[in-house]
Amino acid sequence: MGIVLDKFPVVAKAVPGGQVLLTSTDYIVDLGRKYSVWPLTFGLACCAIEMMVAYAGRFDFDRFGVIPRPSPRQADLLLIAGTVTKKMAAPIVEIYHQMPEPRFVIAMGSCASCGGPYYDSYSVVKGVDRIVPVDVYVPGCPPRPEALIYGFMELQKKIMGMKLERGGGATAQAEKGSRDLTGEAA
Amino acid sequence: MKPDPVARLLAALPRAESAASPVKDYPTLRLAAPADILAAARILKDELGFAYLEMVTAVDWLGPVSLAGFVSSANPSPFTKKAPPPPVAPAAGAGIAYRPVLDMLWSFGNLQTGQKVFLRLEVPRDNAEVPSLTSLFAAADWQEREAFDLLGVRFSGHPNLTKILTPDFLKGHPLRKDYAHEKDAYDED
Amino acid sequence: MSAAEKPAYPQPVLNRKAGGRLLTDTRYWPTELWKSPWSLPRYRAGALWLAGIIIGLLAIGAGVGELARWGEKLLALLNRSGLPPAAVAWAWVLIKLGCVIGVIVANGLWAVWWERKISAHIQSRVGPMYAGGFHGWAQTLLDTVKLLLKEDVTPAAADQVMHTLAPVVAIAPCVMAFAPVLFGTELAAAKLDVGVLYIFAFAGISVIGVVMAGWASGNKYSLLGGLRAAAQIVSYELPRGFSVVPVLMFAGSLDLAVIDAAQAGYWFGFLPRWFVFYPVVGQLAFLFFLIASVAETNRTPFDIPEAESELVAGFHTEFSGMKWSLFFLMEYGYVLLSSFLLAVFFLGGGAAPLPWLVGIPSWIWMTGKAMLMMFVFLWFRWTFPRLRVDQLMDFNWKFLLPWSFANIAFAGILLFLMQRGWGLR
Amino acid sequence: MKTEEPLVSGPGLEMDTMFVNLGPQHPSTHGVLRLGLTLAGEVITKAFPDIGYLHRGTEKLMETRSYHQCVVLTDRWDYCSAMPNNLAFCLAAEKLMAVQAPPRAQALRVITCELNRIASHLIFLGTYGIDIGAFTPFLYAFREREMILDLYEALCGARLTYNYIRLGGVASDVDADWTAKCREFLEFFKPRLDEYDTLLSFNPIFLARTKGIGVIPKETAAAWGLSGPNLRGSGAAYDVRKSEPYCGYETYDFDVPLGETGSCWDRYFCRVQEMRQSVRIVEAALAALPGGDLMAKGIAKLPKPPAGEAYAHVEASRGDLGIFLVSDGGTAPYRLHVRAPCFINLAILQDILVGKKVADVIAVLGSFDIVLGEVDR
């Protein structure tokens, strides 16, 4: 039932003053997405405790408009907080595909980024970017809540760079590795 | 006076004897045959009040661990361009009797007196078959499944002896010293 | 420590600030807050801001005056504008409909932000701050912009038509139920003399939308949530209806305007003749209606249909984007509806609490009381744990319903005494 | 307690059941636990807990790590209270090396472990409130916990994975400013405990949801091998700090709170009472903090303990955490088995969830206070 803006850039370019209209729509849409990124309540290991502390009173994630949503259908952000084991890899991919576009992924902690202290374990996926495209990596074991919030603000900067011409972040991305959300890399 | 559990067990089980190298400062009893464990557990539970099964595990005495069981991430570290070496290269200890055997361990506790008893049993590595204690202690259920999953010890009479920790597609028993890990979908880059 | 006793490896130097104080000095410790909260400057600034906002609103309200007058002026303007009477009637209906939908949507935006701020300050944190400037006032606006542009996911296992229809069937009765609701002494979209009956009739339909959502999502959690919602809302309709009967007996009619008029005047010069101040009967009826309304709107301690910790997100697990926000709009719509009903039935909607407060128009009093009652709804959510399904049903059928019947009997006795002249004049 | 028995039962009258996955991703499974529930309406007829979603195989990794490096991996088992993990491993290794930590280090170990017990029980208090539906105690509990984390940050530099208790002693020393701040926290914390009692412990709805639910008699608790507050909630007085005191626990006087019936509320209230006892212990330990150095002499950079087997167990916040350590004289432990209390406490769910409603599943699961890092290791 949401408004579909895929055709809007083409139409806006045809209209004489359209470019201004397009950039201002981009700005408003990105502002809306930036200030209401809703993560999924999804903690795996020790980083989940630091994520809960980031939601709690002292570091208060709610200042940025963040409400943890239990269901993947209503979540925009998949915050992988903890070690991704091989047995948990399939559910994570399934949850990622259940989330509606535009969706983002933060790999919180060194376990989610590259396997961390379990770099030579037989049952750990060495980094979540092997199974899910990741937008922001937050180093640390576990990263401090301030580090998580800094990583989140990096994601907000990336979201501000999204353009409707590039499908507003809803374009199909490579299924692995780090994700190029705003097209600067190209 | 707290009854001395080891003496009582030595009397009851002729083939058992007090362990030569006990678990430090705990009474340890080494059994001779797998069948003895059920009898010993029943005596401990019913007569001596050791109604608390604390631990069921095993040690694989094959030799130093083989590095094939560890699969580090193939992408080398940016500084050395090589996969990181294991922190400690496993080497055979001097004067250690490595033998192809799984040294089983059961630990029973008496909540009232705070006493502990350790039972040891050596079982051949290839078909390690031990009677299950689930009929006497409900706590044995998951610990035996873990021993089966990680070390490959079969517990006869266990209601649901299946994998509990490792992923379904992982073949072999990881905590065995000669475990070699076949690369699966999540290991390549 | 002398050199000999130095530990084998370097001792980490604590990151000391100047003057030997540790990094974690006491300024950031909450213990300071517990000692004298009023001494901290930002609390005084907050209090001044609040007082300023309230006085400003009252001044604007007094300036605008009775909205009903403006309504009549607009209607007179329309009549004079030379349109055919049928067109005028249609235009007038559309204007009223626009106003009602505007109130509901504005309330949706306001209530979500207000709830997040209330819950934050109850929980010793600050809530949305950066969205749109001072205290994140644009938070809900930006949420809506994002929700509008979310991909609209209909799960494969879901019944497509029912899945799309469920939010519509849920929100439509809520908007229709607002027709007879009084926003000031005469300010209502439709003056129905069966207002109360109409409201309860339409308020009961949206449970069908909820059950449709539960069943059509093809998700076991939402099925459980939907069936729980059906059981809860239907069974709490009864005490909600019966707890209002004493009010109807006192006012003598189902028309909201008559109920509102019956509460004008003051006992002993200062106590307003609101139904909530009727001895025993008024307080009990108010309490039962409040509890039943909380249960109707699926809010804690009765929020088992979308119990977050058990059923992931209850009946709206499989809804994303705008469809999900329609369910939220329905919930806050019913909270607003219940607040206005509480204000009209028990708190003498439109009547000033003290005789000498005359300058302020009735819609300010009505909205103020409704916001007060909405605050109670929002406050309940962050202080109560959640009841279990069967406890909730036992509470309704074994406590709330029998007591609301008994309350009707008490009302009958009180009415009999009043007519005999012994009770209140 | 079976909350609801189907009144009419017999052949052909069974209710058709529905299989629901309280899946690896669920708001109140405290991590990645999958509960396969077979539901008849709202009542559960069969429960199958499926774990292993956080199995990182640390027992295998430790066979190629030196003893100092193993201490780092112990923090990640029960990450809500990492100190007792370090302590258990260090006690086992010290038993092998026949080394004794100096008195000041032992006192510091007691202080940090008890503070960690308070922090871990505060996490439990917060998340159990959310499971039952009250969101606010979570925030208050985490506000107090932040103050403890500040103390840890000043002492060991980390908030969650401390790596503070090392082989033969502790890493860093405590100065006057730290002890003053610790006492200030204890003074601040005592009235907060009474506040939790009014806020949650004696809240009528909370009592209705937890009293008399998930009752475990003493014998069943012992048979299933429960430990810690779960066992003491059923009335069995077994606390490792009393039965086998380590690190000087016999010198502090504290009593062990016991529950009466073993219901969810008893387990919850045992933990709240334990926080009060931990405050008493920390105060006593701070008062009688002996001088002296922090590390035992003769611990090499790459220790090679003599061949042998040792078992050491401590009273961690969640139960009786034991480490069975086997050394073959090499630089790495030859075999290390963790007697994880959460792993063993979780097994009882298969038995007591039958006959409960879905809401009770969350109440019972929450009352066991499991941490998946320790369940799966």
*Check D:Leu353 against each of (1) at pLDDT below 95; (2) buried (at least 18 other Cβ atoms within 10 Å of the Cβ); (3) farther than 17 Å from D:Cys80 by Cα; (4) out of contact with any strand residue (DSSP E or B) (no Cβ under 9 Å at 6 or more places or on another chain) and name the one condition it does not meet.*
(4)
*Does C:Trp397 satisfy being touching a helix residue (DSSP H, G or I) at 6+ places or on another chain (Cβ under 9 Å), free of Cβ contacts under 8 Å to residues at least 24 places away in the same chain and either farther than 28 Å from C:Ile53 by Cα or not in a loop (DSSP other than H, G, I, E, B) (or both)?*
no
*Which condition number in (1) modelled with pLDDT of 90 or more; (2) in contact with a Phe, Trp or Tyr (Cβ under 9 Å, 6 or more places away or on another chain); (3) within 13 Å of chain B (Cβ to nearest Cβ) is the one that D:Pro306 fails?*
(2)
*Restricting region D:130-184 to residues that are among the hydroxyl-bearing types (Ser, Thr, Tyr) and in a helix (DSSP H, G or I), the residue that is nearest to the chain's Cα centre (by Cα)*: D:Tyr152
*Can you spot a residue in region C:373-385 that is in contact with a strand residue (DSSP E or B) (Cβ under 8 Å, 6 or more places away or on another chain) and farther than 30 Å from C:Phe268 by Cα?*
no
*asked:* Which of the numbered conditions does D:Ala105 fail, given that it passes all the others? Conditions: (1) under 24 Å from the mean Cα position of the chain (by Cα); (2) assigned to a loop (DSSP other than H, G, I, E, B).
replied: (2)
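Quick check on D:Val256: is it in the same structural domain as D:Cys90 (by TED's automatic domain parsing), surrounded by fewer than 20 Cβ atoms within 10 Å (Cβ to Cβ) and among the aliphatic types (A, V, I, L, M)?
Criteria met by D:Val256.
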*Only residues that are within 22 Å of C:Leu248 (Cβ to Cβ) and either without any contact (Cβ under 8 Å) to a residue 12 or more places away in the chain or not in a helix (DSSP H, G or I) (or both): list them for region C:326-356, please.*
C:Leu347, C:Gly348, C:Gly349, C:Gly350, C:Ala351
*Count of residues meeting criterion [touching a residue at least 12 places away in the same chain (Cβ under 8 Å), over 19 Å from the mean Cα position of the chain (by Cα) and not in a loop (DSSP other than H, G, I, E, B)] in region D:281-300*: 5
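Taking into account only those residues within region C:299-317 that are charged (D, E, K, R) and touching a helix residue (DSSP H, G or I) at 6+ places or on another chain (Cβ under 6 Å), which is nearest to the other protein chains (Cβ to nearest Cβ)?
C:Glu310
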*region B:111-137, residues that are surrounded by fewer than 22 Cβ atoms within 10 Å (Cβ to Cβ), farther than 23 Å from D:Val326 by Cα and within 13 Å of chain D (Cβ to nearest Cβ)*: B:Leu111, B:Gln112, B:Thr113, B:Gly114, B:Thr134, B:Ser135, B:Leu136
*Looking for whichever is acidic (Asp, Glu), assigned by TED's automatic domain parsing to the domain that holds D:Ala93 and surrounded by fewer than 21 Cβ atoms within 10 Å (Cβ to Cβ) here; the options are D:Asp320, D:Asp293, D:Asp328. Which one fits?*
D:Asp293
*Can you name the number of the only condition in (1) surrounded by fewer than 16 Cβ atoms within 10 Å (Cβ to Cβ); (2) β-branched (Val, Ile, Thr); (3) touching a residue at least 24 places away in the same chain (Cβ under 8 Å) that C:Val100 fails?*
(1)
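If you check D:Ala98, D:Ala82, D:Ala88, which single one turns out to be away from chain C (no Cβ under 13 Å) and surrounded by fewer than 24 Cβ atoms within 10 Å (Cβ to Cβ)?
Result of the check over D:Ala98, D:Ala82, D:Ala88: D:Ala98.
Just give me the residues in region A:129-144 being outside any loop (DSSP other than H, G, I, E, B) and at pLDDT 90 or above, in sequence order.
Within region A:129-144, A:Val134, A:Val136, A:Tyr137, A:Val138 meet the criteria.
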_Quick test for you: out of C:Thr154, C:Thr164, C:Thr140, pick the one residue that is more than 8 Å from chain A (Cβ to nearest Cβ), under 16 Å from C:Ala213 (Cα atoms) and of a type in the set (S, T, N, Q)._
C:Thr154
*asked:* Given the options D:Gly168, D:Gly133, name the one that is under 29 Å from D:Arg76 (Cβ atoms), surrounded by 19 or more Cβ atoms within 10 Å (Cβ to Cβ) and out of contact with any Asp or Glu (no Cβ under 6 Å at 6 or more places or on another chain).
replied: D:Gly168
*Among the residues of region C:372-394, how many are in a helix (DSSP H, G or I), within 13 Å of chain D (Cβ to nearest Cβ) and closer than 20 Å to C:Val335 by Cα?*
5
*Determine which single condition C:Val294 fails, assuming it passes every other condition in (1) within 23 Å of C:Val105 (Cα to Cα); (2) in contact with a strand residue (DSSP E or B) (Cβ under 8 Å, 6 or more places away or on another chain).*
(2)
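The values are calculated or read from the model by the stated rules, or taken from the named source; none is laboratory data. Note that the structure is predicted; figures quoted are calculated from it, not measured. FYI the Cβ positions are ideal-geometry reconstructions off the backbone, even for glycines, and counts take in every protein chain you see.
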